[in-house]
Amino acid sequence: MDGNSSMSVESPLSCAHCGKPARLQCPKCIELKLPPAGASFCTQDCFKKSWNSHKSVHLKAKSNTPAEHEGWLYCLRKGQKRSPSLPYFDWTGTLRPYPISKIRLVPNGIEKPDWAIDGIPKVEPNSDFQNIVEIKTPELIERMRETCRIGREVLDAAARMIRPGVTTDEIDEVVHKTTIAAGGYPSTLNYHFFPKSCCTSVNEVICHGIPDARKLEEGDIVNVDVTVYYKGVHGDLNETYFVGEVDEATKQLVRCTYECLEKAISIVKPGVRFREVGDVISRHASMSGFSVVKSYCGHGIGELFHCAPNIPHYGKNKAVGVMKAGQIFTIEPMINAGVWRDRLWPDGWTAVTADGKRSAQFEHTLLVTETGVEVLTARLPSSPDVYPWLKK
Ligand code: MF3
Ligand code: CO
Ligand code: CO
């Protein structure tokens, strides 16, 4: 931006150069959403005269723009190149995508799933376990316990960093590094070309948000969804966190979503129909005036990231099959403050609420036992105390 023009404003501020009433505001400051105080001028002439000293305030405020994020670009749909500018979209709420950092590398010694190199899962879509629900062997169950435990520790590490000012890319960096430090691969990295090591879903984002340069703000909520691949199996879990103090309605939404997952888990045992999960969740959500997302479901998991069974979270669904001991699947309800309907951002990943209102989610990986359920991704005594309703 050069100092040749400025834009008209309404408020009676004083000129940053001479102190007279000011009605012009520096356009660069408007673009950077900087406060008008100190950025307003009475005339173009005063604006020009201040330019040399004024322009430094732009540099200080630029931390969320590509200028200070060399090599960062906006994510566009799979197969399309990344772009230096924001694409056009009728955004449903106030959240916008920010540029994303370069691909993070995984050391050679770490065992990788088959999509790690070229972005394309090869075994998963062709497996019989897309149709039949595998009964896991005791040996595989033991590996799932180990992997899910690592997943829990990785998610807890992410939870401990949540505060205003932290970018979702910084969360991704911690997820990436703690996963690797434990000897695991972050399953989402390059899965169908997903560019990051976890999903971070802020406010109206339902799921599959891409970690980017946006700083978390006081009052936000953010879901962090972690999947770890270790010893040939995946473990998948997520939680929604409060950023600083949030409003009462948001607290209710997050608590209700937590309870939806708890209630769903409580019915899991051999003989229960998969379709009953959605009835329990939908009953509890609608009791609080919330709605249930239909486009994204719980799933079988093990040597494959996503496989049978498919478990909808909404009521009166037509899911087939009955739970049996030795099955492992996720339940991961997404609950909306407003309408249930979702839209997809132009990046091909980020699912948002159609009305721009907030959405929350919790996820566990579960084993059906002879008598009930084992929560493989359960919270640990060391897990951070982030939910007031869990305090003794
Ligand atoms: N972890 C998500 C789930 O719960 C899946 C993320 S896949 C990604 O199923 F590609 F979007 F990362
Ligand atoms: Co999942
Ligand atoms: Co997940």
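The values are calculated or read from the model by the stated rules, or taken from the named source; none is laboratory data. Computed from a prediction, not measured in an experiment: that's the story for all the values here. Please note: Cβ atoms are built from the backbone with ideal geometry, for glycine as well, and neighbour counts cover all protein chains shown. Remember, those area values only see protein heavy atoms, side chains included, never the ligands or the DNA or RNA. Shrake-Rupley method; radii C 1.70, N 1.55, O 1.52, S 1.80 Å.
For the range 134-254, the share of accessible area belonging to carbon and sulfur comes to 53 percent (1.4 Å probe, ligands and nucleic acids excluded).
Counting Lys and Arg as +1 and Asp and Glu as -1 over every other residue whose Cβ lies under 14 Å from the Cβ of Val226, the net charge comes to -3.
Projecting the Cα atoms of His313, Gly71, Cys199 onto the charge dipole of the chain, computed from C-beta unit charges around the Cα centre, puts Gly71 farthest toward the positive end. The local environment of Pro97, defined by Cβ-Cβ distances under 13 Å, has a net charge of +1 under the rule Lys, Arg +1 and Asp, Glu -1. When nucleic acids and ligands are ignored and a 1.4 Å probe is applied, Lys231 ends up with an accessible area of around 90 Å².
Every helix of 4 or more DSSP H residues in the chain counts as -39500 (n - 2.57), and over all residues that averages to -7500 deg cm²/dmol at 222 nm. Taking Leu366, Leu32, Leu344 and ordering them by how much accessible surface each has at a 1.4 Å probe, largest first, produces Leu344, Leu32, Leu366.
Sorted largest first by accessible area at a 1.4 angstrom probe radius, with every protein chain in place, the residues Glu173, Glu332 fall in the order Glu173, Glu332. Across the range 190-282, Cα pairs under 8 Å and at least six residues apart give a relative contact order of 19 percent.
Using +1 at the C-beta of Lys and Arg and -1 at the C-beta of Asp and Glu, which of Thr371, Pro27, Pro121 has the Cα lying farthest in the positive direction of the dipole of the chain? Working it through, the farthest residue towards the positive pole turns out to be Pro27.
Sum up the charges of everything whose Cβ sits under 9 Å from the Cβ of Cys198, counting Lys and Arg as +1 and Asp and Glu as -1, but leave Cys198 out.
For residues surrounding Cys198, the net value is -1.
Quote the charge dipole size of the chain about the Cα centre in Debye, to the nearest 20; the model charges only the Cβ of Lys and Arg (+1) and of Asp and Glu (-1). Roughly 740 debye for the chain. Farthest towards the positive end of the charge dipole of the range 75-200, among the residues Leu86, Ser187, Pro164, is the Cα of Leu86, using unit charges on the Cβ of Lys, Arg, Asp and Glu. The mean accessible area for residues of the chain, using a 1.4 Å probe and ignoring ligands and nucleic acids, is 46 Å² per residue.
Built from the Cα atoms of the range 259-379, the convex hull projects on average onto 7.8 nm², one quarter of its surface area.
Net charge dipole, the range 262-392: roughly 460 debye, given to the nearest 20, about the Cα centre with Cβ charges of +1 for Lys and Arg and -1 for Asp and Glu.
Taking the Cα atoms of the chain, the ratio Rg/Rh between the radius of gyration and the Kirkwood radius comes to 1.05. For the range 123-390, the relative contact order comes to 23 percent (Cα pairs under 8 Å, sequence separation of at least 6).
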